[in-house]
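Asks: Have a look at this one.
The values are calculated or read from the model by the stated rules, or taken from the named source; none is laboratory data. Computed from a predicted structure; not experimentally measured. Every residue, glycine among them, receives a Cβ derived from its backbone with ideal geometry; neighbour counts consider all protein chains shown.
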Amino acid sequence: MHKIIVANYKMNGDKKFFVHVNKAINKMRIKDANLILCPPFLYVPFFKIKNKCVRLGSQDVSSAEYDKHTGQICAKMLSEFGVKYSIVGHSEQRKIGETDEVINQKIIEAQKVGITPILCVGEENDDQNIQTFENQIVSALKNCFNDNIIFAYEPIWAIGTGKVPSLTRINKAITFIRKTAKNYNIKAIVLYGGSVGINNYRELLKSKSDGFLIGESSLKLNEFKEIVKGIDDE
Ligand code: PGA
């Protein structure tokens, strides 16, 4: 299967940076990896994607369809600007109060307009059992009879810390996610995210993951391009 690489720029960058990223990524020769770029909402319209292996994503999507939700952006609006993927349930959103119910609603809203949600799940501490995030999956998939979804195993303790789980732990989590999703007739695509960078991506490629969700290292454009090339050449 083609590897998927998601760039989560978080609340970083500026207009100049994203125009530059867009140009540089358009010029890249990618054989079969799939690249999903997730800039902050405001910069989404600056992207004019001209590379068949690249798609546009967002870092969030509203749980509501339209109407009285000051400050929110709904799936239909994102879709109008070419967004094909939306990250949902990122731990940085969960930390500020996003509940499993809201995440479930976001998934349903995204799927309604054909946007593929990228659902982030993962345990808080490295001494916790993998099963602790089962409920994040079960709640997220409630009433959702659509298999248009990607999972990202993102252990919170590995995000932005430079620490990564062992391959055994990553594989165990991926197997667990696939097994849980199978109960919903979903053949799960599972990415790994958390401190993926130039120095560890080759080792992490040995895991069972279908690709990576990359935060900090997506901001260093040259390194990011090298990672994409390395994965594409595998
Ligand atoms: P990181 O972020 O690559 O900087 O650890 C990953 C994420 O938050 O999704």
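Asks: Which members of region 76-100 meet the condition of being under 23 Å from Ile159 (Cα atoms), away from the ligand (no atom under 16 Å from the Cβ) and touching a residue at least 24 places away in the same chain (Cβ under 8 Å)?
Replies: Start the filter on region 76-100 by keeping residues that are under 23 Å from Ile159 (Cα atoms), which leaves 85-100.
Cutting the leftovers down to away from the ligand (no atom under 16 Å from the Cβ) gives us 97, 99-100.
Result: Asp100, single match.
Asks: Only one residue in Lys229, Lys172, Lys225 is in a helix (DSSP H, G or I), of a type outside the set (A, V, I, L, M, F, W, C) and farther than 25 Å from Arg29 by Cα, so which one is that?
Replies: On the way: Lys229 fails: farther than 25 Å from Arg29 by Cα; Lys225 fails: farther than 25 Å from Arg29 by Cα.
So the residue among Lys229, Lys172, Lys225 that is in a helix (DSSP H, G or I), of a type outside the set (A, V, I, L, M, F, W, C) and farther than 25 Å from Arg29 by Cα is Lys172.
Asks: Yes or no: region 134-147 includes at least one residue that is among the acidic types (Asp, Glu), within 16 Å of the ligand (Cβ to nearest atom) and either exposed (fewer than 13 other Cβ atoms within 10 Å of the Cβ) or more than 14 Å from Leu213 (Cα to Cα) (or both).
Replies: There is no residue in region 134-147 that is among the acidic types (Asp, Glu), within 16 Å of the ligand (Cβ to nearest atom) and either exposed (fewer than 13 other Cβ atoms within 10 Å of the Cβ) or more than 14 Å from Leu213 (Cα to Cα) (or both).
Asks: Continuing with the same structure: Got a number for residues in region 207-221 being more than 11 Å from the ligand (Cβ to nearest atom), crowded, with 18+ Cβ neighbours inside 10 Å and in a helix (DSSP H, G or I)?
Replies: Summing the residues that are more than 11 Å from the ligand (Cβ to nearest atom), crowded, with 18+ Cβ neighbours inside 10 Å and in a helix (DSSP H, G or I) in region 207-221 gives 0.
Asks: Output the residue which, of all residues in region 1-41 that are of a type in the set (A, V, I, L, M, F, W, C) and surrounded by fewer than 18 Cβ atoms within 10 Å (Cβ to Cβ), is farthest from the ligand (Cβ to nearest atom).
Replies: For region 1-41, the residue satisfying everything is Val19.
Asks: Checking Asn183 against (1) farther than 19 Å from Tyr85 by Cα; (2) modelled with pLDDT of 95 or more, only one condition comes out false. Which one?
Replies: (2)
Asks: Looking at (1) of a type in the set (Gly, Ala, Ser); (2) touching a strand residue (DSSP E or B) at 6+ places or on another chain (Cβ under 7 Å); (3) under 21 Å from Phe212 (Cβ atoms), can you tell me which one Gly82 breaks?
Replies: Here Gly82 meets the rest and fails (3).
Asks: Quick one: would you say Leu204 is in contact (Cβ under 8 Å) with a residue 40 or more places away in the chain, more than 12 Å from the ligand (Cβ to nearest atom) and closer than 27 Å to Asn129 by Cα?
Replies: Considered against the rule, which asks whether it is in contact (Cβ under 8 Å) with a residue 40 or more places away in the chain, more than 12 Å from the ligand (Cβ to nearest atom) and closer than 27 Å to Asn129 by Cα, Leu204 comes out as no.
Asks: Residues in region 109-118: is at least one within 16 Å of the ligand (Cβ to nearest atom) and either of a type in the set (Asp, Glu) or crowded, with 20+ Cβ neighbours inside 10 Å (or both)?
Replies: Yes, the conditions are met somewhere in region 109-118.
Asks: Only one of Asn104, Asn143, Asn129, Asn125 is touching a helix residue (DSSP H, G or I) at 6+ places or on another chain (Cβ under 6 Å) and free of Cβ contacts under 8 Å to residues at least 40 places away in the same chain; which?
Replies: Asn125
Asks: To continue, here is another question. Pick out the one residue from Ile227, Ile231 that is buried (at least 20 other Cβ atoms within 10 Å of the Cβ), closer than 26 Å to Lys23 by Cβ and either away from the ligand (no atom under 13 Å from the Cβ) or free of Cβ contacts under 8 Å to residues at least 12 places away in the same chain (or both).
Replies: Being buried (at least 20 other Cβ atoms within 10 Å of the Cβ), closer than 26 Å to Lys23 by Cβ and either away from the ligand (no atom under 13 Å from the Cβ) or free of Cβ contacts under 8 Å to residues at least 12 places away in the same chain (or both) holds for just one of Ile227, Ile231, which is Ile231.
Asks: Could you look through region 157-186, keep only residues that are touching a helix residue (DSSP H, G or I) at 6+ places or on another chain (Cβ under 7 Å) and of a type in the set (Lys, Arg), and pick out the one that is farthest from the ligand (Cβ to nearest atom)?
Replies: Lys172
Asks: Further, regarding this structure: Of all residues in region 146-193, which are small (Gly, Ala, Ser) and either touching a His at 6+ places or on another chain (Cβ under 7 Å) or free of Cβ contacts under 8 Å to residues at least 60 places away in the same chain (or both)?
Replies: Ala158, Gly160, Gly162, Ser166, Ala173, Ala181, Ala188 - these are the residues of region 146-193 that are small (Gly, Ala, Ser) and either touching a His at 6+ places or on another chain (Cβ under 7 Å) or free of Cβ contacts under 8 Å to residues at least 60 places away in the same chain (or both).
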